[in-house]
Amino acid sequence: MAITVSSDSTGRGLARGRSLAARTVRFVAHRPVLAVSSGILLLFVAVALLSPWLAGDPGTLNPPRRLKPPSATQWFGTDHVGRSVFDRTLWGARISLGVGFAVAITTTVVGVLVGIVAGYFRLADTVIMRAMDAVMAIPAILLAIALVALVGSSPLVIVTAISVPEIPRMARMVRASVLVLREQAYVEAAITCGGRVHSILLRHILPGAAGPILVQATYVFASAMILEAILSFLGAGTPPNVPSWGNMMAEGRQYLQLAPWILGFPALGLALVVLSVNLLGDVWRDMLDPSLAPSAAGVTR
Amino acid sequence: MIAYVLGRLLAAIPVLSAVAAFVFLLLSLVPGDPAVVIAGDLATPEQVEAIRRSLALDRPLVERFVTWLGHMLTGDFGNSLFSGIAVSELIVQRIEPTLVLALMTIVIAVTVAVPLGLVSAYHPTGIVARLTMAGAVLGFSLPVFVVAFGLVYVFALGLGWFPVQSYVPLSEGLAGTLHSLVLPAVAVSFLYIALIARVTRAAVLEVLREDYVRTAHAKGLAARLILTRHVLRNAAVPVITIIGIGFAALLGGVVVTETVFSIPGLGRLTADSILRRDYPVVQALILLFSTVYVAVNLAVDIAYVLVDPRIRY
Amino acid sequence: MTAPLLKVEDLTISLASDGGSLPLVKSLSFEIAAGETLCLVGESGCGKSLTALAIIGLLNRRIMRASGGGIFFEGRDLLSADAEAMRRLRGDRLAMVFQEPMTSLNPVQQVGRQISEVIVEHRGTSEREAEREAVRLLDLVRIPDAARRARDFPHQLSGGMRQRVMIAMALALRPALLIADEPTTALDVTIQAQVLALMDELRREFGTALLLITHDLGVVAEMADRVLVLYAGRAVEEAPVEQLFDQPTHPYTRGLLDAIRQLLKPDIERLAEIPGTVPVPAKLDRGCSFAERCGLAMPICGEKRPVLGPRGSRHSAACWLGHLPVEQPA
């Protein structure tokens, strides 16, 4: 009896996907989601960087041409005082992505520091984690609007206010990774061999935790943009004259029935960016977590 | 068991104390003279002085904190700087819509998300799974007010099924109240559904790999029975956990959504009070929301015992 | 002769991967008569468990494909039966006990309930009645204080007790065939014999046939009527248990027996072993799968695959040495 065996396919299966770079290339070819979401994100990053050149002055008023629907001359229509929604949406990308990026960096730096200190130095652990629990017990939106409303809405305050509620999650995750990693043989070996604390942390623990940190930072980036929009919407975010997406949507709400495009385009922009960032985060997370092979028994279809 | 509950209650004390200290210290973050800032540009010097006295700003920080904490513990939350009404009374006046909205949201979220997560795990490549997972990412990617306005645009302005705004109090009948809160509750539950459905799916996928699920199939039980009786029960711990953790998202969503729909609840009161710098009200409300959140998660910890007999405290 | 209870005909089970399919069990055929015990013997990975899962219809259909002549149970072909028909058979006429008693019971359900739900599902009896029957079954598998133990959760029972619960669950409806996949491997040695004896006793009482999967030849000697030896997904020898132990004809079977016999002689310094390892499935293209490890291999063994041929009235083996009288090595 002849038996056809696809030995080459299993051979390739074992050989391929060794290096991260090779896996990445394969992912792009096999994952359209990844390709599309990074494409959208890159587009918005370009828009954010180039908005001073791409878009006209977002503040130019043109009251006679107010509340005009999208047309050939005004692609996204005009708002209640005749400003170009297109120009304002492009400028809004700059603010939204800028805040998202700044918050992601702040949260990552502070969260990693706090998490490492808590995970590596047992003495500090309890105090730090209780404080983190307390911050997490306050709903993020409340905490952020309270901070901004009371301290004043400068860019620094906004970034801080959005970062504070995000930091505990990052810190907790880093701490958990550190706790696992410091039990690993290679880290223990480094400790036993009398390695200096900071070099053990830098050489052994941080690289081991880098993947989850990157994924978490991606999610922080996404949720920071949402939180910024909510703050602006509630009137506790960027000053009203700044064309942030949140401000545009806040102004557009009164005209929802009359001119849905005022709220719609910034909402669409925000949704697209956040969606693509979230999808990127998911893809990276899946790449870090090698999916479990299905077992021989199983009735799921 | 009782010892465990007591232990957890005690453990909540430092967390809530830290929240209290944090909330209290918010005031000292206010640049310049808090009384002047809070009073606003149009205040007379007498008004500023009144505010300073009512907040006891002339006393040392620690003394103020101890006095304030004592008042909080005895239920004396002070008076609103804006309306002069006692904060406790304000809370009582405004709590009804928020409670109904929160309950509706939980009911909607759990009844939608858990079955979706279950089906997505059982048919991982099916249409339900794909739509659920796509919907979940979307849920994480839309601010709650955008969802709310989308719903308003379609179901209130477009189809006219629900009111754009206006809350019908319970005293005018439960049905009217529920009807007036459908859109807000759906809007708030969007993110909550995304969270719960994702976790349910992951938990169920894990349980489906377990040997005892194979045993259940070997017994010839019907698939529906296996999923409800064997799989869901074993996946319950992570699902309950995320319901507790996601409660923070629900509370935040309530603040925003009540503003969108002009619902006279605690969320609206919080947003308004923060913008008005009505400091005593803000302090009390943040503390209240945080206490509720901590209490919900305490209840979650206790619920573990009910779903998993292996967990003993 | 009446029709056998179970007849597996030319069964092939393949791992379906994106590149093609990889056969793990290859044109396997065997029969089990009503009330009989057949032992399926072989090294891990030889396809024993896959065969069992295929019979009871629990192969993971996303990655495994069973094909071939058919699996005929009580006259109907299980390979072509639909999912609902298979479900009705499982737990009723066809039952299975798994290897891992620690993980095979639902941790959050009382054990009595886990037994009674089989009865309710297939017989439609009331919960109450089924629960009483569950207690009776627990008593039958010698769980002391059965009525109280029925309300215990699995983590409150020892490994041996859990496996007895599994047996009670499997035999609850007096199935025609019980499949037991290494049922005692995970248990303490002292308890293994007890559990096996109990299973055999109840099986005889209920007239249930047994397909016992094991790699332990001691268990085979104890339990089997007939033995089927599997190597790399193929049947290499099949015989009544006495004949297999007295006159093993396939070199692989002899290797297995030599290994265990020497265990019984304390003065042997070095255990005889079968050199080499089981080949990777994909590499088996032609010739006898065992040729590489076989001390008696001839040129033809690497060229052509031997088919299962008669070695006696109920004895058969797949080996080119077949027709020659094989001498026991001194």
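Here, each number is a calculation from the coordinates, and none is a lab measurement. Quick caveat: nothing in here was measured; it's all calculated off a predicted structure. Glycine also receives a Cβ, built like all others from the backbone with ideal geometry; neighbour counts cover every protein chain displayed.
Brief remarks on what is shown
- Look at the stretch A:128-135: the mean tally of other chain Cβ atoms within 10 Å of its residues' Cβ atoms is 5.
- Toward the positive end of the charge dipole of the protein assembly as shown, with +1 on the Cβ of Lys and Arg and -1 on the Cβ of Asp and Glu, the farthest Cα among A:Leu263, C:Ser29, A:Leu181 is that of A:Leu263.
- Other residues with beta-carbon under 9 Å from the beta-carbon of A:Arg66 carry, at +1 per Lys or Arg and -1 per Asp or Glu, a net charge of +2.
- Counted residue by residue at 0.36 nm each, then reduced by the alpha carbon distance between them, the extension gain from C:Lys304 to C:Arg128 reaches 57.2 nm.
- Of the residues C:Thr214, A:Val114, C:Pro154, the one whose Cα sits farthest towards the positive end of the charge dipole of the protein assembly as shown is A:Val114 (charges of +1 on Lys and Arg Cβ, -1 on Asp and Glu Cβ, taken about the Cα centre).
- Cα centre as origin, Lys/Arg/Asp/Glu Cβ charges: the protein assembly as shown dipole, Debye: 1080
- Rounded, prolate or oblate (a/c below 1.5 giving rounded, otherwise prolate when a/b exceeds b/c) for chain A by Cα gyration tensor: oblate
- Distance from the Cα centroid of segment B:203-257 to that of segment B:97-171 is 19 Å (rounded to whole angstrom).
- Estimated dipole of chain A in Debye, rounded to 20 [Cβ of Lys and Arg +1, of Asp and Glu -1, Cα centre]: 400
- DSSP bridge pairs, the protein assembly as shown: antiparallel proportion in percent, nearest 5: 65
- Shielding by partners, peptide B:129-138 (average Cβ within 10 angstrom, other chains): 2
- Other residues within the sphere of radius under 12 Å centred on the Cβ of A:Arg88, judged by their own Cβ, net out at -2 (K and R +1, D and E -1).
- When both bridge partners sit in chain C, DSSP labels roughly 60% of those beta bridges antiparallel.
- Cβ neighbours within 10 Å from other chains - mean over A:222-228: 3
- Mean residue ellipticity at 222 nm, helices only, the protein assembly as shown: -19000 deg cm²/dmol; runs of at least 4 DSSP H residues each add -39,500 (n - 2.57), and the sum is divided by the number of residues.
- The chymotrypsin sites (Phe, Trp or Tyr not before Pro) of segment B:155-205 that DSSP puts in a loop, and whose beta carbon has at most 13 other beta carbons within 10 Å, are B:Trp161.
- Exposed-loop-free span, longest in chain B, where trypsin sites (Lys or Arg not before Pro) count as exposed if DSSP calls them loop and at most 16 other C-beta atoms lie within 10 Å: B:1-208
- The ranking of C:His215, A:His30 from fewest to most other beta carbons within 10 Å of each one's beta carbon is A:His30, C:His215.
- Burial ranking of peptide ranges C:184-196, C:100-112 (average Cβ count within 10 Å, highest at the top): C:100-112, C:184-196
- Mean Cα-pair separation over length for chain A, i.e. relative contact order, pairs under 8 Å, 6 or more apart, %: 22
- Seen from B:Gly117, the other residues with C-beta closer than 11 Å to its C-beta sum to a net charge of +2, counting Lys and Arg as +1 and Asp and Glu as -1.
- Net charge dipole size for segment B:2-73 [Lys, Arg +1 and Asp, Glu -1 on Cβ; Debye, nearest 20]: 380
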